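Q: Quick one: the structure is below, and I'll ask about it shortly.
The values are calculated or read from the model by the stated rules, or taken from the named source; none is laboratory data. None of these values were measured; they are calculated from a predicted model. Cβ placement follows ideal geometry from the backbone for every residue including glycine, while neighbour counts extend to all protein chains displayed. Side chains included, ligands, DNA and RNA excluded: accessible areas come from the protein's heavy atoms. Shrake-Rupley method; radii C 1.70, N 1.55, O 1.52, S 1.80 Å.
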Amino acid sequence: MTERKPIEYWLSDMDGVLVHEGHPVPGADEFIRRLAASGKPFLVLTNNSIYTRRDLSARLAALGLQVPAEFIWTSALATARFLADQRPEGSAYVIGEAGLTTALHEADYVLTDISPDYVVLGETRTYSFSQITQAIRLIEGGARFVATNPDPVGPSQEGSLPACGAVAAMITRATGVEPYFVGKPNPLMMRTALNVVGGHSEQTAMVGDRMDTDIVAGVEAGLETILVLTGVTRKDEVGRFPFRPHRVVPSIADLIDLIDA
């Protein structure tokens, strides 16, 4: 693969890279400390739209990972920025939780069920059939359909839960309208993150645990891609994809020395 410039900006997925099944990945705390000490801009990315970045910062701190809120970028924030660019000071009917509603309010959006510009679907622990029905009717009435991410299921202590992508599929089946997904693997998520850190694609690395979201989004955005094997994708699965990461490493701990390279 072509030789790239030294890495000056870092983007990292959260689940499967820094944390796994509610526990920090060994070496993640040192990786974050070394990044902070280096002064190199970085962001922790997540498709999770449930929490605000202050909430996520507090949750990470409880696991011993000190990530300030301003260094966290969620699909909810990317969605709010996208909508603000497309239709400033618009309106939306939202299915989601505080992470999404707060981001939209901060983007000067009005949340309403009266002739909204958009129906915005995010993640929630309790999808409401009445809300889904309302979303279907608003889309039938002409509202544009946007979703924070295409993930079909999410984890829980009891097993898989239906997530944003699965509920979006139900709404699409009812309306015939496909949503625009903002989160990974849409490279828009990476580009908005790049804008936040002020980075350039040729000097930015994306660290992820999934070939089908993190790595493909990084490839399409022109970033250096690094796959860690502490999450979803196994080493023997990498060759099945038509694209490949620039590096494959056992875990985030193997990247600590690369920060100062």
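Q: May I ask for the angle, rounded to the nearest 10°, between helix 75-86 and the longest principal axis of the chain, with both axes built from Cα atoms and the value confined to 0 to 90°?
A: Between the helix axis and the principal axis of the chain, the angle is about 60 degrees.
Q: Something else now. In Å², and per residue, what accessible area does region 87-181 have when probed at 1.4 Å with the other protein chains present? Can you show the working numbers first?
A: Values: 4910 Å² over 95 residues.
On a per-residue basis, 52 Å².
Q: Run the accessible area of the chain with a 1.4 Å probe and give the carbon-and-sulfur part as a rounded percent. Please report the intermediate quantities before stating the final value.
A: Numbers: 6080 of 12180 Å².
Carbon with sulfur: 50 percent of the solvent-accessible area.
Q: Cβ neighbours within 10 Å, averaged per peptide: list 222-229, 59-66, 87-94 in order, most packed at the top. Write down the numbers at each step before the final one.
A: On the way: 222-229: 23.9, 59-66: 14.9, 87-94: 18.0.
The densest-packed peptide leads the list: 222-229, 87-94, 59-66.
Q: Using amide H atoms built 1.01 Å from N in the peptide plane, name the residues 5+ places from PHE145, or on other chains, whose amide H lies under 5 Å from its own.
A: VAL119, TYR180
Q: Let me see the pair-distance distribution of region 118-261: every alpha carbon pair, 5 Å bin width, integer percents in order.
A: That works out to 2, 9, 16, 16, 16, 15, 12, 8, 4, 2, 1, in percent per bin.
Q: Against the globular-protein guess of 2.2 N^0.38 Å, express the Cα radius of gyration of region 87-181 as a ratio, rounded to two decimals. Present the calculation step by step, with values, prior to reporting the outcome.
A: Numbers: Rg = 12.8 Å, N = 95, 2.2 N^0.38 = 12.4 Å.
Relative to the rule-of-thumb radius for its length, region 87-181 sits at 1.03.
Q: Among GLY99, GLY142, PHE181, whose Cα projects farthest towards the positive end of the dipole of region 87-181, with charges put on the beta-carbon of Lys, Arg (+1) and Asp, Glu (-1)?
A: About the Cα centre, the residue reaching furthest to the positive side is GLY142.
Q: How about region 227-261: which trypsin sites (Lys or Arg not before Pro) there lie in a loop by DSSP and see at most 15 other Cβ atoms within 10 Å? Kindly include the intermediate steps, with their values, before the conclusion.
A: On the way: sites: ARG234, LYS235, ARG240, ARG247; in loops: ARG234.
Taking region 227-261 and a limit of 15 other Cβ atoms within 10 Å, the loop trypsin sites (Lys or Arg not before Pro) found are ARG234.
Q: Now for a separate question. Quick one: putting +1 on the C-beta of Lys and Arg, -1 on the C-beta of Asp and Glu, what dipole do you get for the chain around its Cα centre, in Debye to the nearest 20? All intermediate terms of the calculation are to be shown ahead of the outcome.
A: Details: 22 positive and 32 negative charges, 37 e Å.
Using only the charged Cβ atoms, the result is roughly 180 debye.
Q: Read phi for every residue in region 183-196 and hand back ³J(HN,Hα) as whole Hz from Karplus 6.51 cos²θ - 1.76 cosθ + 1.60, θ = phi - 60°, with x for Gly and Pro.
A: Coupling constants for region 183-196: x, 3, x, 4, x, 4, 4, 5, 5, 5, 5, 4, 4, 5 Hz.
Q: Okay, moving on. Looking at region 1-55, which GluC sites (Glu not before Pro) are DSSP coil and have at most 14 other C-beta atoms within 10 Å of their C-beta?
A: For GluC sites (Glu not before Pro) across region 1-55 that sit outside H, G, I, E and B with at most 14 neighbouring Cβ atoms in 10 Å, the list reads GLU3, GLU21.
Q: Right, something else. For the chain, what's the relative contact order in percent, using C-alpha pairs closer than 8 Å and at least 6 residues apart? Write out the running numbers ahead of the final one.
A: Values: 514 pairs, mean separation 56.2, N = 261.
Normalised by residue count, the contact order of the chain is 22 percent.
Q: For semi-axes √(5λ) of the Cα gyration tensor in Å, several values are listed as (1) 28, 22, 19; (2) 32, 19, 18; (3) 49, 18, 15; flag the one computed from this structure.
A: Read-out from the structure maps to (2).
Q: Just to confirm the number: angle between the C-alpha axis of helix 28-38 and the first principal axis of the chain, 0 to 90 degrees, nearest 10?
A: Once rounded, one gets 80 degrees.
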